[in-house]
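Chemist: After the structure tokens below, expect a handful of questions from me.
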Amino acid sequence: MRTLRDIPALREALGEHRRRDQRIGLVPTMGNLHAGHLALVETARRHAEVVVATVFVNPLQFGAGEDLEAYPRTLADDQAKLEAAGCDLLFTPTEATLYPRGLVNQTRVCVPAVSEGLCGGSRPGHFDGVSTVVSILFNLVQPDVACFGEKDYQQLAVIRKLVADLHFPIEIVGVPIVRAEDGLALSSRNGYLDQAERATAPELHHTLAAMREALEAGEPIEATLDSGRQRLQEVGFDPDYLELRATDLEPATATTHEAVLLAAARLGKTRLIDNLTLTLPQ
Ligand code: PAF
């Protein structure tokens, strides 16, 4: 695996593969890689002949007071994991490389509607930051396919709309959530949890799973959401949101069949997100 730090080196390396007519798969990440990221690389491998991963902690998607400085940076470890997973090229740009005119003057990409509410409601500007950096990476790498995790359900919906609206000729592949044995969705932010919090954290998934069972059995939606919020609070979470939406993130209505439960909740200083899809009885 070659690690490339600047744009000319990336373009040169990609040019060689394009001349050989090879399909290129992209896996954008912020590093501190875990099995969830490696599942993205494995998926990209199945869809493309060349896999390009990126590691860049994108300042544009962090709000004031969020964990930009604390976000774990573990490049040597990430390189070893990517190499073992069969990644071909790793692009690790600096902030000055991606945003040479500074963050304030940076042209931004905004994907309306789907970026609003849920994580977009509690993290204003977050999805503009994601959409901007992903657009830049799409332009630089020009992949045939790009893989994103379904844990960030809203992010995946934002990126699908971004690709459709800006006519990027890129296939977007969503990759199922990878969970620890106790059900906790893998996340780089799990490393912030202390021992007691780590023991409580799977309750987020267990609560969603219990709610899914109730909703699929025909229990009323509002009462199920209320008891889910209450359960999260009882075990020590500070829920940010807990919502039921149609799978396209439109509000769930009486005719919604395929739906998704989405939650974000704080445990101490750590903000965790999770989701579960379900089928509502008609
Ligand atoms: O999901 C992430 O890790 C980030 O939001 C992404 C897509 C790499 C953009 O910085």
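The values are calculated or read from the model by the stated rules, or taken from the named source; none is laboratory data. What you see is a predicted model; the values in this text were computed from it and never measured. Cβ placement follows ideal geometry from the backbone for every residue including glycine, while neighbour counts extend to all protein chains displayed. Only protein heavy atoms, including side chains, enter the accessible area calculation; ligands, DNA and RNA are left aside. Shrake-Rupley method; radii C 1.70, N 1.55, O 1.52, S 1.80 Å.
Chemist: Exactly one condition in (1) within 16 Å of V260 (Cβ to Cβ); (2) in contact with a strand residue (DSSP E or B) (Cβ under 6 Å, 6 or more places away or on another chain); (3) among the hydrophobic types (A, V, I, L, M, F, W, C) is false for L137; which is it?
Modeler: So the condition that L137 fails would be (1).
Chemist: Note down all Cβ pairs under 7 Å where the first residue falls in the stretch 131-143 and is touching a residue at least 40 places away in the same chain (Cβ under 8 Å) and farther than 21 Å from P112 by Cβ, the second is open to solvent by 10 Å² or more (accessible area, probe 1.4 Å) and more than 13 Å from the ligand (Cβ to nearest atom), and they're at least six residues apart or on different chains.
Modeler: L140/I7; P143/I170
Chemist: Which of the residues that make up the stretch 11-36 are within 16 Å of the ligand (Cβ to nearest atom) and either open to solvent by less than 30 Å² (accessible area, probe 1.4 Å) or not in a helix (DSSP H, G or I) (or both)?
Modeler: Within the stretch 11-36, G25, L26, V27, P28, T29, M30, G31, N32, L33, H34, G36 meet the criteria.
Chemist: Shifting gears a bit: Taking the condition away from the ligand (no atom under 13 Å from the Cβ) and either assigned to a strand (DSSP E or B) or without any contact (Cβ under 8 Å) to a residue 60 or more places away in the chain (or both), does A64 pass?
Modeler: In short, yes.
Chemist: Additional query: Take D88 and decide whether it is in contact with a Cys (Cβ under 6 Å, 6 or more places away or on another chain), open to solvent by 30 Å² or more (accessible area, probe 1.4 Å) and acidic (D, E).
Modeler: Considered against the rule, which asks whether it is in contact with a Cys (Cβ under 6 Å, 6 or more places away or on another chain), open to solvent by 30 Å² or more (accessible area, probe 1.4 Å) and acidic (D, E), D88 comes out as no.
Chemist: Among the residues of the stretch 155-206, how many are of a type in the set (A, V, I, L, M), under 20 Å from A263 (Cβ atoms) and part of a loop (DSSP other than H, G, I, E, B)?
Modeler: Residues flagged as of a type in the set (A, V, I, L, M), under 20 Å from A263 (Cβ atoms) and part of a loop (DSSP other than H, G, I, E, B) within the stretch 155-206 amount to 7.
Chemist: Sticking with this one: Within the stretch 37-52, take every residue that is more than 10 Å from the ligand (Cβ to nearest atom), open to solvent by less than 40 Å² (accessible area, probe 1.4 Å) and touching a strand residue (DSSP E or B) at 6+ places or on another chain (Cβ under 6 Å) and give me the one that is nearest to N190 (Cα to Cα).
Modeler: The residue in question is A39.
Chemist: For G117, indicate whether it is surrounded by fewer than 20 Cβ atoms within 10 Å (Cβ to Cβ), within 13 Å of the ligand (Cβ to nearest atom) and either over 15 Å from the mean Cα position of the chain (by Cα) or not aliphatic (A, V, I, L, M) (or both).
Modeler: For G117, the condition - surrounded by fewer than 20 Cβ atoms within 10 Å (Cβ to Cβ), within 13 Å of the ligand (Cβ to nearest atom) and either over 15 Å from the mean Cα position of the chain (by Cα) or not aliphatic (A, V, I, L, M) (or both) - is not met.
Chemist: Return the residues of the stretch 150-165 that are open to solvent by 60 Å² or more (accessible area, probe 1.4 Å) and touching a strand residue (DSSP E or B) at 6+ places or on another chain (Cβ under 6 Å); say none if nothing qualifies.
Modeler: Result: E150, R160.
Chemist: Let me ask another. So which residues in the stretch 207-249 are farther than 21 Å from E116 by Cα, in a helix (DSSP H, G or I) and open to solvent by less than 20 Å² (accessible area, probe 1.4 Å), if there are any at all?
Modeler: T207, L208, M211, L215, T224, G228, L232
Okay, residues lined up against (1) within 14 Å of the ligand (Cβ to nearest atom); (2) open to solvent by 10 Å² or more (accessible area, probe 1.4 Å); (3) not aliphatic (A, V, I, L, M):
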position: D128; (1), (2), (3): yes, yes, yes
position: P143; (1), (2), (3): yes, no, yes
position: H167; (1), (2), (3): no, yes, yes
position: A185; (1), (2), (3): yes, no, no
